[in-house]
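These notes concern the structure reproduced below.
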Amino acid sequence: MLDRIRFRVALGLCLLFLSACGGGGGGGGGAISRIEITPDQGNLAVGTTLSLSAVAKTSSGNKVDNVSFAWQSLDPSIASIDAEGVVTGNGIGVTTIIAATGTFSGSATVGVVSPNPGQSNLTFSGTVLYEDKPYALTGFTGALVPTPVRGTIINVIAIDGFATIATGATGSDGTFTFNNVDNAARRGGVYLQVVSKTEPNNPSQVEIRNNASDQALLSLISSPFDDSSGTDFAGLSVTATAASGVGGLFNIIDVFSTASELIRNDGGLCTPPAAVSCTPPLLVAYWEPGSAEGTFYDDQLDAIFILGGGDAQGDTDEYDDSVIAHEYGHFAVHHFSKDDSLGGEHFITDNDQDIRLSWSEGWGNFFSSAVRDNPVYVDTATNGPTFSFNLEDYSSPQSLTLKTLALYTTSEIAVAGVLWDVFDPAGSLISESHDQLSLGFGPIWQTVLRIEGTTPATMESFWLQFQSVDPSSTAGLQSIMEEREMALSADASETNGQTTEATALTENTAQQHTFYQNSPAPPTDDEDVISFHVTAGTRYTLETLNLTNGADTLLFITDTSNNSLNLQNDNRNGNNYQNCGANPFTGNSSCPANDKTTLSSSITWTASDTTDLHAHVQRSPNAPPSAGLFGSYDIRLKRP
């Protein structure tokens with residue numbers, strides 16, 4: 001049974017019907033906002049009765065008169081209720097009583113106890129499991145795998161007063177033991193409560209609450225035990241089933257815990273240098289059955305929301321391990337590195353994204369696969385096809401052309417694939433000549449830790465930092481990036497830091513160049529100088545085109561002595577995007593896409609002399625923050 005916990009002690013009101021509380025619209029009079037039951041929590045002994053009353057209230061708290069209610073017990077074997085709201089105790093345990101009118105309902109928790117006193121020296125031992133749901137590229141396999149609920153708080157609750165009489169935690173195998181538990185001061189009847197929170201001493205600090213308003217923890221409660229007639233309750237098995245909706249709650253905790261363990265165990269020492277591993281702080285996540293909130297990481301609340309099935313498609317994400325771990329990736333870099341993405345709509349088929357967005361989402365996709373040690377990313381859908389892809393070979397049931405689109409530093413799926421190729425055992429899945437690295441998570445995390453300061457977090461900054469973290473593997477990473485056409489290297493003809501390109505530009509023949517300069521100069525200082533010949537009286541267009549990898553060009557022309565001809569262009573459309581950013585009203589980005597033309601340059605003029613000239617191409621000083629520090633482009637001379 002799923003339960004809410006209020007004020008850290010009392011059982012909540014809605015059990016499996018969390019989403020029904022106070023909900024609905026219309027019915028019962030237009031002024032009704034909620035239904036309240038008094039008392040909202042009560043006890044009675046087997047064979048006795050308890051009277052409940054219900055009242056309908058407006059949003060301002062005023063009572064609505066002349067309202068009739070339909071009463072229901074969710075488990076009549078424990079307690080039944082008549083039409084007047086009188087509850088009869090039938091068997092030891094806990095159930096929920098519902099009062100409804102129209103589409104509105106309220107609920108109360110009723111505990112039924114033994115008429116006899118409980119005992120001291122109680123013993124409880126056993127295992128807590130949840131049913132996991134494995135999946136493949138096409139969705140859930142249909143299997144249910146019993147999996148330990150690890151490191152979470154477990155309480156022994158006396159039904160009489162709903163008092164916590166013992167507290168402990170499950171072990172790494174889901175086991176628990178309680179000795180010498182005393183319930184002699186109350187009537188008999190106890191149960192186990194497994195809370196949606198890891199124990200304080202657990203380095204994987206996670207807690208799941210129902211929503212940001214109520215902040216109620218959730219819990220699984222066991223069947224009741226009659227301690228008035230026995231003291232030894234050993235060999236217990238408490239299982240959170242998938243069908244009940246509770247299994248997904250503990251799956252969320254398990255995925256988050258595994259993500260924390262990856263950072264702590266495999267990430268290496270934290271930065272700045274310290275003789276300790278990085279230990280993520282407490283993660284608060286929100287998940288509620290029937291909620292349409294999620295799935296996303298909110299950096300303002302520092303919380304993750306998990307979709308609970310209340311959207312238009314009825315989709316739920318509590319068993320979508322790929323999605324859950326992806327959001328933890330955002331949480332992790334928020335605390336240990338940086339994330340400059342403005343967010344917004346994005347698709348894995350895009351390769352002209354804001355370079356900050358492609359890094360952020362690419363990192364999240366990679367991190368998800370690293371947590372699960374699986375390149376397959378799956379997002380199931382309740383009503384509709386499963387969305388999935390494989391980072392190892394870019395296969396996807398939804399897109400047979402995904403590999404041809406997974407290109408450039410401005411593609412989130414390309415970024416994720418490159419990081420996966422650095423991480424995975426070489427040749428363990430597919431033998432690829434470009435992928436000769438098998439570094440695991442450590443060097444990747446150590447590189448991410450060093451992305452800080454004013455440099456935006458992008459695939460470019462990862463590459464620059466990686467060279468100092470693992471110099472011996474830079475050639476291997478370069479090979480992996482080149483396979484995805486990430487232009488983070490100097491032009492083929494631009495060696496030893498020279499500026500002027502070796503090959504002159506001829507009419508109607510495009511040359512490809514990159515904004516990247518080899519040492520000793522910083523790679524960002526690159527200026528490409530390409531010579532070309534013009535004939536007096538002829539009209540020409542000199543242009544950059546086919547921009548990729550976040551390039552933004554500034555184009556100007558000089559003579560061979562470097563004298564300016566006053567011919568210059570930044571963006572061919574004349575717009576300036578330097579100050580683009582997030583719209584404060586919509587949250588959408590006003591920055592342009594990193595497509596092949598928007599940030600390109602074009603100059604059209606008539607040559608006054610027959611002579612050789614130089615085309616100069618730099619990264620635009622007015623580049624928007626969505627563009628890269630580097631990038632690639634073609635340059636072409638033609639007659640308009």
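How about region 314-340: which of its residues are touching a Gly at 6+ places or on another chain (Cβ under 6 Å) and either open to solvent by 20 Å² or more (accessible area, probe 1.4 Å) or among the small types (Gly, Ala, Ser) (or both)?
Selection gives Thr316, Glu318, Gly329.
Is it true that Gln119 is outside any strand (DSSP E or B) and surrounded by fewer than 19 Cβ atoms within 10 Å (Cβ to Cβ)?
The answer is yes for Gln119.
Go through region 417-492 and tell me which helices (runs of 4 or more DSSP H), entirely inside it, have 2 or more residues that are touching a residue at least 12 places away in the same chain (Cβ under 8 Å) and β-branched (Val, Ile, Thr).
Helices (runs of 4 or more DSSP H) meeting the threshold: 442-449.
Of everything in region 97-109, what is open to solvent by 10 Å² or more (accessible area, probe 1.4 Å), modelled with pLDDT of 95 or more and more than 36 Å from the chain's Cα centre (by Cα)? Give them in sequence order.
Correct list: Ala100 only.
Among the residues of region 501-547 satisfying the criterion of being part of a strand (DSSP E or B) and in contact with a Lys or Arg (Cβ under 7 Å, 6 or more places away or on another chain), which is surrounded by the fewest Cβ atoms within 10 Å (Cβ to Cβ)?
This residue is Arg539.
It is to be established whether one or more residues within region 577-590 are without any contact (Cβ under 8 Å) to a residue 40 or more places away in the chain, surrounded by 13 or more Cβ atoms within 10 Å (Cβ to Cβ) and not polar (S, T, N, Q).
no
Within region 236-260, restricting attention to residues that are farther than 21 Å from Asn210 by Cβ and among the small types (Gly, Ala, Ser), which residue is surrounded by the most Cβ atoms within 10 Å (Cβ to Cβ)?
Taking the candidates together, the pick is Ala259.
Just one of (1) among the aliphatic types (A, V, I, L, M); (2) modelled with pLDDT under 95; (3) open to solvent by less than 40 Å² (accessible area, probe 1.4 Å) trips up Ala166, so point out which.
Tallying (1) among the aliphatic types (A, V, I, L, M); (2) modelled with pLDDT under 95; (3) open to solvent by less than 40 Å² (accessible area, probe 1.4 Å), Ala166 fails exactly one: (2).
Any residue at all in region 403-414 that is open to solvent by 20 Å² or more (accessible area, probe 1.4 Å), under 19 Å from Ala332 (Cα atoms), in contact (Cβ under 8 Å) with a residue 60 or more places away in the chain and assigned to a loop (DSSP other than H, G, I, E, B)?
No, region 403-414 has no match at all.
Name the residues in region 341-369 that are charged (D, E, K, R) and within 17 Å of Leu599 (Cβ to Cβ), would you?
Asp350, Asp352, Asp354, Arg356
Quick one: which residue in Val64, Val55 is open to solvent by less than 40 Å² (accessible area, probe 1.4 Å) and at pLDDT 95 or above?
The match here is Val55.
Which one of Ala416, Ala457 is of a type in the set (Gly, Ala, Ser), within 21 Å of Asn374 (Cα to Cα) and touching a helix residue (DSSP H, G or I) at 6+ places or on another chain (Cβ under 6 Å)?
Going through Ala416, Ala457 in turn, the sole match is Ala416.
If we keep just the residues of region 415-462 that are of a type in the set (Ser, Thr, Tyr) and more than 28 Å from Tyr633 (Cα to Cα), which is surrounded by the most Cβ atoms within 10 Å (Cβ to Cβ)?
Within region 415-462, the match that is surrounded by the most Cβ atoms within 10 Å (Cβ to Cβ) is Ser438.
Before we move on, is Asn383 over 19 Å from Thr447 (Cα atoms), part of a loop (DSSP other than H, G, I, E, B) and at pLDDT 95 or above?
no
How many residues are open to solvent by 10 Å² or more (accessible area, probe 1.4 Å) and in a strand (DSSP E or B) when one looks only at region 177-194?
Total meeting the criteria: 5.
So, in region 357-402, how many residues would count as being within 22 Å of Ile263 (Cβ to Cβ) and crowded, with 21+ Cβ neighbours inside 10 Å?
Within region 357-402, residues that are within 22 Å of Ile263 (Cβ to Cβ) and crowded, with 21+ Cβ neighbours inside 10 Å number 16.
Considering only residues that are within 19 Å of Ser632 (Cα to Cα) and either part of a loop (DSSP other than H, G, I, E, B) or not hydrophobic (A, V, I, L, M, F, W, C) (or both), which ones fall in region 548-567?
Once the filter is applied, which keeps residues that are within 19 Å of Ser632 (Cα to Cα) and either part of a loop (DSSP other than H, G, I, E, B) or not hydrophobic (A, V, I, L, M, F, W, C) (or both), region 548-567 yields Thr548, Asn549, Gly550, Ala551, Asp552, Thr553.
Asp227: assigned to a loop (DSSP other than H, G, I, E, B) and open to solvent by 40 Å² or more (accessible area, probe 1.4 Å), yes or no?
No, not satisfied.
Scan Val86, Val149, Val145 and give me the residue that is modelled with pLDDT of 95 or more, farther than 23 Å from Asp227 by Cα and touching a helix residue (DSSP H, G or I) at 6+ places or on another chain (Cβ under 6 Å).
Selected residue: Val149, the only one of Val86, Val149, Val145 that is modelled with pLDDT of 95 or more, farther than 23 Å from Asp227 by Cα and touching a helix residue (DSSP H, G or I) at 6+ places or on another chain (Cβ under 6 Å).
Identify, from the list Val255, Val246, the residue that is under 26 Å from Arg372 (Cβ atoms), of a type in the set (Val, Ile, Thr) and in contact with a Leu (Cβ under 6 Å, 6 or more places away or on another chain).
That would be Val246, the only listed residue that is under 26 Å from Arg372 (Cβ atoms), of a type in the set (Val, Ile, Thr) and in contact with a Leu (Cβ under 6 Å, 6 or more places away or on another chain).
Tell me which residues, restricted to region 466-482, are under 19 Å from Asn546 (Cβ atoms), crowded, with 18+ Cβ neighbours inside 10 Å and out of contact with any Leu (no Cβ under 7 Å at 6 or more places or on another chain).
none
Checking the condition touching a helix residue (DSSP H, G or I) at 6+ places or on another chain (Cβ under 9 Å), under 28 Å from Leu405 (Cα atoms) and among the small types (Gly, Ala, Ser), which residue from Ser322, Ser291 passes?
Sole residue among the options that is touching a helix residue (DSSP H, G or I) at 6+ places or on another chain (Cβ under 9 Å), under 28 Å from Leu405 (Cα atoms) and among the small types (Gly, Ala, Ser): Ser322.
Of the residues Gly151, Gly161, Gly174, which is in contact with an Asp or Glu (Cβ under 9 Å, 6 or more places away or on another chain) and not hydroxyl-bearing (Ser, Thr, Tyr)?
Just one listed residue meets the conditions, Gly151.
So which of Val94, Val128, Val112 is surrounded by 22 or more Cβ atoms within 10 Å (Cβ to Cβ), in contact with a Ser or Thr (Cβ under 6 Å, 6 or more places away or on another chain) and at pLDDT 95 or above?
Of Val94, Val128, Val112, the one residue that is surrounded by 22 or more Cβ atoms within 10 Å (Cβ to Cβ), in contact with a Ser or Thr (Cβ under 6 Å, 6 or more places away or on another chain) and at pLDDT 95 or above is Val128.
Being modelled with pLDDT of 90 or more, of a type in the set (A, V, I, L, M) and either in a loop (DSSP other than H, G, I, E, B) or open to solvent by 40 Å² or more (accessible area, probe 1.4 Å) (or both) is the filter here, so list the residues in region 261-281 that pass it.
Within region 261-281, just Leu269 meets the criteria.
Can you pull out the residues in region 338-375 that are touching a residue at least 40 places away in the same chain (Cβ under 8 Å), over 28 Å from Leu547 (Cβ atoms) and in a loop (DSSP other than H, G, I, E, B)?
Residue satisfying the conditions is Pro375 alone.
The values are calculated or read from the model by the stated rules, or taken from the named source; none is laboratory data. Treat the numbers as computed from the prediction; the structure is a model and nothing was measured. Reconstructed Cβ throughout: ideal geometry from the backbone, glycine too, with neighbour counts over all protein chains shown. Each accessible area value is taken on the protein alone, full model and side chains, heavy atoms only, with ligands, DNA and RNA left out. Shrake-Rupley method; radii C 1.70, N 1.55, O 1.52, S 1.80 Å.
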